[in-house]
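Report on the structure given below.
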Amino acid sequence: MRRTPLAAAAFLIAAFPAAAFAQDAYTKAAKAQFDMVKEYLSKSAAKVPDDVYAFRPTPEVRSFGQLIGHVADANFGICAVAAGTKPPQGGFEKGKTSKAYCDSVIAALDDVKGAESVMFFGSSMPKLSVFNFNIQHCNESYGTLVAYMRLKGIVPPSSEGSP
């Protein structure tokens, strides 16, 4: 059977992962996903009036403000694991404020460094997997914030349309 150049090219494309053709594709994708949810979280925090920060749908759950603080605490804690360091700050849920930390962590990663393993919740996993866990947590928390905003008649940032 005779192979054509097209068949050989198809074989090469199928045989090698996409990352071989796009340098740091996994890290760039994680950064883009984090940037999107970070923007929604930041816009939510800025959009909601001060008096709504104390709002909680039921007494058993966090207030809007506590949830924003929880996300900040989780960002510092989870991203510190991905960075292989200790969290530089904490206690945001109790009212502390500070600048973003995860941005510097993802900026220091590439696909090779992101594949390095760290311990997270008792298991060894790649740094990028830890960072992706943080993205998932941010999205879950944003979903909760959306429900809080809707209960107060506030349109969440993700529903406002493109800028």
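The values are calculated or read from the model by the stated rules, or taken from the named source; none is laboratory data. No experiment lies behind these values; they were computed from the predicted model shown. So basically every Cβ, Gly included, is an ideal-geometry build from the backbone, and we count neighbours across all protein chains shown. These accessible areas exclude ligands, DNA and RNA; they are computed on the full protein's heavy atoms, side chains included. Shrake-Rupley method; radii C 1.70, N 1.55, O 1.52, S 1.80 Å.
What the table shows:
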item	result
Residue satisfying all of: in the stretch 122-143; of a type in the set (S, T, N, Q) and assigned to a helix (DSSP H, G or I); nearest to residue 102 (Cα to Cα) among these	134
Given (1) open to solvent by less than 70 Å² (accessible area, probe 1.4 Å); (2) in contact with a Pro (Cβ under 8 Å, 6 or more places away or on another chain), number of the condition residue 156 does not satisfy	(2)
Filter result for residue 146 (open to solvent by 20 Å² or more (accessible area, probe 1.4 Å), part of a helix (DSSP H, G or I), of a type in the set (A, V, I, L, M, F, W, C) and modelled with pLDDT of 95 or more)	yes
Scan of the stretch 16-31 for residues that are modelled with pLDDT of 50 or more, aliphatic (A, V, I, L, M) and open to solvent by less than 60 Å² (accessible area, probe 1.4 Å), ordered by number	22, 25, 29, 30
Residue count for the stretch 127-154, restricted to those that are without any contact (Cβ under 8 Å) to a residue 40 or more places away in the chain and within 16 Å of residue 77 (Cα to Cα)	2
Residue check for residue 124: touching a helix residue (DSSP H, G or I) at 6+ places or on another chain (Cβ under 6 Å), at pLDDT 90 or above, among the hydroxyl-bearing types (Ser, Thr, Tyr) and surrounded by fewer than 18 Cβ atoms within 10 Å (Cβ to Cβ)	no
Scan of the stretch 73-98 for residues that are at pLDDT below 80, assigned to a helix (DSSP H, G or I) and surrounded by 13 or more Cβ atoms within 10 Å (Cβ to Cβ), ordered by number	92, 93
Residue list for the stretch 112-121, filter: aromatic (Phe, Trp, Tyr) and exposed (fewer than 12 other Cβ atoms within 10 Å of the Cβ)	121
Within the stretch 43-63, considering residues that are small (Gly, Ala, Ser) and open to solvent by less than 70 Å² (accessible area, probe 1.4 Å), the one farthest from residue 115 (Cα to Cα)	63
Qualifying positions in the stretch 55-76 - within 21 Å of the chain's Cα centre (by Cα) and aliphatic (A, V, I, L, M)	67, 68, 71, 72, 74
